[in-house]
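**Q** Could you have a look at this structure, given as structure tokens, before my questions?
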Amino acid sequence: MSKLNFNIHIADNQHFNGRLSDQFSISEAEKARRFHLQLDGYQPTPLHNLTHLAKEFGVKNILVKDEAYRFDLNAFKMLGGVYAIARLLCDEYKMDIDGFNFETFKTQIKTKMTFATATDGNHGRGVAWAANQLGQNAVVYMPKGAADERVNNIRALGAECIVTDMNYDDTVRLAIKTADEHGWKVVQDTAWEGYTEIPTWIMQGYSTLAVEAVEQMVELGLDKPTHVFLQAGVGAMAGGVLGYLAEYCGPGQLRSVVVEPNQADCIYRSGIAETGDMVNVDGDLATIMVGLACGEPNPLGWEVLKNCATQFVSCEDRVAAFGMRVLGNPLSGDPAVISGESGAVGLGLLAAVEYSREKESLKEHLALNKDSVVLVINTEGDTDPVHYREVVWQGKHATI
């Protein structure tokens with residue numbers, strides 16, 4: 001295969017100290033998992049073992065946690081939204097989350113609450129789904145350029161969906177302002193001063209996918225991961241999952257690589273800042289990885305990433321497009337994985353490194369070798385089917 005050029009920047013985390021989080025721990029992750037287990041229709045999403053691709057790339061294992069199968073919602077986000085809404089309702093009505101029951105709640109509680117959120121699509125769909133399941137109302141705001149498919153999926157769940165003429169971070173501010181004016185509850189996966197409890201629950205909900213992945217690796221008789229590639233928007237999923245995995249594997253034993261689009265790389269820029277303070281990115285945040293098009297880090301997620309992430313990566317859109325094609329067109333014997341733009345960037349980075357003209361130095365920098373067990377998260381399927389086909393069928397954002 002031809003050697004390729006990609007715009008990839010890898011920075012070691014100079015702030016790493018290995019400090020584990022009490023909020024995003026094994027015990028909190030298992031608590032969220034117990035809640036998810038009682039959801040009607042719950043089942044773990046697949047963990048694909050790409051044995052032939054691993055051999056091609058010269059590593060021991062490549063494992064893909066495939067969130068495209070999550071509750072027919074094509075993305076992982078509902079894990080956080082439904083857990084946070086249930087926790088919020090338990091607080092409101094003095095109920096115990098460990099005994100929470102959807103049908104009992106709908107029977108006993110007749111007053112409807114309205115939940116508001118801003119989203120690129122997947123988080124809003126998860127909040128709309130949770131509100132629908134609990135007989136509540138949802139109002140979802142989306143940034144400019146939102147794909148019709150994502151808007152329609154949210155509206156199909158009974159939520160009101162409003163597309164703004166703003167970028168993601170300004171849309172978040174609009175949702176907060178409007179919710180405050182109407183007395184709605186904001187369910188957002190980022191935090192700010194005075195708003196930390198709900199995003200904490202959301203991040204804890206996300207960790208269920210990591211609990212599942214570890215259980216599946218044990219069932220398959222596989223070693224603990226040596227590497228995990230985690231994509232970041234605000235850093236909520238990355239922080240929630242890394243909190244669990246760092247405790248499970250040991251923070252010094254796991255190489256955790258946080259990947260972002262270079263048009264919205266607020267976590268990367270925070271990581272290279274000497275102070276360790278969060279750095280915001282403004283502008284249109286124009287990337288095909290719309291689920292990662294966020295310019296302001298979640299301070300809760302950043303704390304985990306600053307303490308326990310090994311490296312931060314900023315890369316161009318072609319890396320995600322490459323990952324979509326590699327996953328969708330597997331080597332003989334490996335399963336095909338339908339992965340959207342934000343879902344594919346972890347595997348895309350692995351593939352871009354393998355076929356880069358700077359392969360040897362990049363693999364050395366990431367400590368990838370024959371003993372590496374690499375876990376990547378396919379956070380979404382083809383949530384924008386039209387663009388998925390443009391990339392995978394028609395070669396949009398080509399590597400050559």
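**Q** I'm trying to understand the selection: among the residues of segment 200-233, which are in a loop (DSSP other than H, G, I, E, B) and within 15 Å of the chain's Cα centre (by Cα)?
**A** If the condition is that a residue be in a loop (DSSP other than H, G, I, E, B) and within 15 Å of the chain's Cα centre (by Cα), then Ser207, Ala232, Gly233 are the ones that fit.
**Q** Report yes if Ile272 is assigned by TED's automatic domain parsing to the domain that holds Asn369, surrounded by fewer than 22 Cβ atoms within 10 Å (Cβ to Cβ), in contact with a strand residue (DSSP E or B) (Cβ under 9 Å, 6 or more places away or on another chain) and touching a residue at least 24 places away in the same chain (Cβ under 8 Å), otherwise no.
**A** When the stated conditions are applied, Ile272 passes them.
**Q** Any idea which residue in segment 165-199 is nearest to Val373 (Cα to Cα), counting only those that are assigned to a helix (DSSP H, G or I) and among the basic types (Lys, Arg)?
**A** Top of the filtered list is Arg173.
**Q** All but one of (1) closer than 25 Å to Val281 by Cα; (2) touching a strand residue (DSSP E or B) at 6+ places or on another chain (Cβ under 8 Å) hold for Ala191, so report the exception by its number.
**A** (2)
**Q** May I ask you to say which residue of Thr383, Thr399 is closer than 21 Å to Glu212 by Cβ, at pLDDT below 95 and either in a helix (DSSP H, G or I) or in contact with a helix residue (DSSP H, G or I) (Cβ under 8 Å, 6 or more places away or on another chain) (or both)?
**A** Residue meeting the stated conditions: Thr383.
**Q** A further question follows. Please indicate, with yes or no, whether at least one residue in segment 137-149 is outside the structural domain of Val386 (by TED's automatic domain parsing), touching a Pro at 6+ places or on another chain (Cβ under 7 Å) and either touching a residue at least 60 places away in the same chain (Cβ under 8 Å) or outside any strand (DSSP E or B) (or both).
**A** Looking through segment 137-149, at least one residue is outside the structural domain of Val386 (by TED's automatic domain parsing), touching a Pro at 6+ places or on another chain (Cβ under 7 Å) and either touching a residue at least 60 places away in the same chain (Cβ under 8 Å) or outside any strand (DSSP E or B) (or both).
**Q** Then there's this: Just checking, how many residues over segment 107-123 are at pLDDT below 90 and under 21 Å from the mean Cα position of the chain (by Cα)?
**A** 5
Yes/no per residue for (1) within 25 Å of Thr226 (Cβ to Cβ); (2) of a type in the set (Gly, Ala, Ser); (3) in contact with an Asp or Glu (Cβ under 9 Å, 6 or more places away or on another chain):
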{"site": "Tyr268", "(1), (2), (3)": "yes, no, yes"}
{"site": "Gly271", "(1), (2), (3)": "yes, yes, yes"}
{"site": "Asn280", "(1), (2), (3)": "no, no, yes"}
{"site": "Glu296", "(1), (2), (3)": "no, no, yes"}
{"site": "Leu305", "(1), (2), (3)": "yes, no, no"}
{"site": "Val313", "(1), (2), (3)": "yes, no, yes"}
{"site": "Glu316", "(1), (2), (3)": "no, no, no"}
{"site": "Val337", "(1), (2), (3)": "yes, no, yes"}
{"site": "Val345", "(1), (2), (3)": "yes, no, yes"}
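**Q** Still on this structure, please answer the following. Quick check, is Leu89 touching a residue at least 12 places away in the same chain (Cβ under 8 Å) and buried (at least 22 other Cβ atoms within 10 Å of the Cβ)?
**A** No; evaluated as a whole, the condition is false for this residue.
**Q** Going by the conditions given, is Glu354 of a type in the set (D, E, K, R), free of Cβ contacts under 8 Å to residues at least 40 places away in the same chain and surrounded by fewer than 20 Cβ atoms within 10 Å (Cβ to Cβ)?
**A** no
**Q** Looking at segment 178-193, is at least one residue surrounded by fewer than 20 Cβ atoms within 10 Å (Cβ to Cβ), under 22 Å from the mean Cα position of the chain (by Cα) and touching a residue at least 60 places away in the same chain (Cβ under 8 Å)?
**A** Checking segment 178-193: at least one residue is surrounded by fewer than 20 Cβ atoms within 10 Å (Cβ to Cβ), under 22 Å from the mean Cα position of the chain (by Cα) and touching a residue at least 60 places away in the same chain (Cβ under 8 Å).
**Q** Checking the structure you have, find out if any residue of segment 278-290 is in contact with a Gly (Cβ under 9 Å, 6 or more places away or on another chain), closer than 30 Å to Asp22 by Cβ, modelled with pLDDT under 95 and outside any loop (DSSP other than H, G, I, E, B).
**A** Checked segment 278-290: no residue is in contact with a Gly (Cβ under 9 Å, 6 or more places away or on another chain), closer than 30 Å to Asp22 by Cβ, modelled with pLDDT under 95 and outside any loop (DSSP other than H, G, I, E, B).
**Q** Checking Leu327 against (1) crowded, with 24+ Cβ neighbours inside 10 Å; (2) in a loop (DSSP other than H, G, I, E, B), which test does it fail?
**A** All conditions are met except number (2).
**Q** Next question, about the same structure. Can you name the number of the only condition in (1) surrounded by fewer than 24 Cβ atoms within 10 Å (Cβ to Cβ); (2) farther than 16 Å from Leu230 by Cβ that Val391 fails?
**A** With respect to (1) surrounded by fewer than 24 Cβ atoms within 10 Å (Cβ to Cβ); (2) farther than 16 Å from Leu230 by Cβ, Val391 is out only on (1).
**Q** Taking into account only those residues within segment 36-60 that are out of contact with any helix residue (DSSP H, G or I) (no Cβ under 8 Å at 6 or more places or on another chain) and hydrophobic (A, V, I, L, M, F, W, C), which is surrounded by the most Cβ atoms within 10 Å (Cβ to Cβ)?
**A** Applying the filter and picking the extreme gives Leu50.
**Q** Could you look through segment 357-386, keep only residues that are among the basic types (Lys, Arg) and farther than 18 Å from Val259 by Cα, and pick out the one that is surrounded by the most Cβ atoms within 10 Å (Cβ to Cβ)?
**A** Looking at residues that are among the basic types (Lys, Arg) and farther than 18 Å from Val259 by Cα, I get Arg357.
**Q** Follow-up. Would you pick out the residues in segment 160-193 that are under 20 Å from Pro299 (Cα atoms) and among the hydrophobic types (A, V, I, L, M, F, W, C)?
**A** Hits for segment 160-193 are Val172, Leu174, Ala175, Ile176, Val186, Val187, Ala191, Trp192.
**Q** Next up: Looking at the structure I just gave you, is Ala264 small (Gly, Ala, Ser) and surrounded by fewer than 24 Cβ atoms within 10 Å (Cβ to Cβ)?
**A** no
The values are calculated or read from the model by the stated rules, or taken from the named source; none is laboratory data. Note that the coordinates shown come from a computational prediction; the quantities given were computed from them, not determined experimentally. Glycine also receives a Cβ, built like all others from the backbone with ideal geometry; neighbour counts cover every protein chain displayed.
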